[in-house]
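The values are calculated or read from the model by the stated rules, or taken from the named source; none is laboratory data. This is a predicted model, so every value here is computed, not measured. Because the Cβ atoms are built from the backbone with ideal geometry, glycine has one as well, and the counts that use them run over all protein chains shown. We work out accessible area using only protein heavy atoms, side chains counted, and drop any ligands, DNA or RNA first. Shrake-Rupley method; radii C 1.70, N 1.55, O 1.52, S 1.80 Å.
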Amino acid sequence: MSTTPHLAEISPANLDAALDVRIRPDQEHLVEPVAKSLAEAYVHPGVAWPRLILDGDRAVGFLMAFLDIDWKGDGSGTDLRSGLWRLNIAAGEQGRGYGRFAVESVAAEIRRRGGSQLFVTWHPGPDGPEAFYLGLGFRTTGETSGSQTVGALDLAG
C-alpha cells in the first residue's frame, strides 16, 4: 500500500471507478461483480453498506457489508446479524493488505453500531477465500448459507 487506504461512499463521482473494480478471472465464480452488489444495495437500502476502497485516489477494491439483517428470514428479528456481504479486491491489488483493511473497516462499523460479531460467508474449496478469513480470526459456525460456509469473528475482545 502506497498510502493509507480509506473507504468512500458510492457516489456519482466514483461510480465508474467502483464498476471498474475487477477481480481475477479465476475468482469470478466466488464473488458477484460490483454491479450486482450495487443493485442489491439499491433494493436493500436499510441493510446494505457499500463502499469503495481507495488508496489515495486509486480504486483498489469494493466491499459491501450487511447490517442487522434478519438471518432466519422469518420476520421474527430473533437472530439479527451484521457482516461482510461482498469483498472484491482488484486483480492487480491483491496481496497488499486491502482485504484485511476491508474486514477491519467493516468490524469498526459494526462495533460503532453496538455489534459484537462480524459474520461472513464463503464458497468452500481449495480456490476459495477460507484461508484468508480463518487467518484473520474467523471461526466456522457449523452453519451454511446456501452452499457457502458461515464464519464469525468475535469483536468483543
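If each DSSP helix of 4+ residues adds -39,500 (n - 2.57) and the sum is divided by the residues in the chain, what number results at 222 nm, nearest 500 deg cm²/dmol?
Counting only the DSSP helices, I get -6500 deg cm²/dmol.
Given the options I23, I69, I110, state which has the largest fluctuation in a GNM of the chain using a 10 Å cut-off (strictly under) for Cα springs.
I69
Please state, as a whole number in µm²/s, the translational diffusion coefficient that the Stokes-Einstein equation yields for region 14-104 at 37 °C and 0.692 mPa s, with Rh defined as the Kirkwood radius across alpha carbon pairs.
Answer from the Stokes-Einstein relation: 237 µm²/s.
If you filter region 78-123 for trypsin sites (Lys or Arg not before Pro), then keep DSSP loop positions with at most 15 other Cβ within 10 Å, what is left?
Passing sites in region 78-123 are R113.
Need one word for region 71-157: rounded, prolate or oblate. Basis is the Cα gyration tensor (sqrt eigenvalues a ≥ b ≥ c); a/c below 1.5 gives rounded, then a/b vs b/c decides.
oblate
Counting only protein heavy atoms and using a 1.4 Å probe, what share of the accessible area of the chain belongs to carbon plus sulfur, as a whole percent?
Numbers: 4220 of 8290 Å².
Looking at the chain in its full context, I get 51 percent from C and S.
So what is the accessible area of the chain per residue, in Å², with the probe set to 1.4 Å?
With the other protein chains kept in place, the chain gives 53 Å² per residue.
Between helix 34-43 and the chain, what is the angle of the helix's C-alpha long axis to the longest principal axis, kept within 0 to 90° and rounded to the nearest 10?
Approximately 50 degrees, to the nearest ten.
Starting from 0.36 nm per residue, how many nanometres of slack lie between D57 and L136 once their C-alpha separation is accounted for?
Here the segment from D57 to L136 would lengthen by 25.8 nm.
Based on Cα coordinates alone, diagonalise the gyration tensor for the chain, multiply each eigenvalue by 5, take square roots, and list the semi-axes in whole Å, largest first.
23, 18, 16
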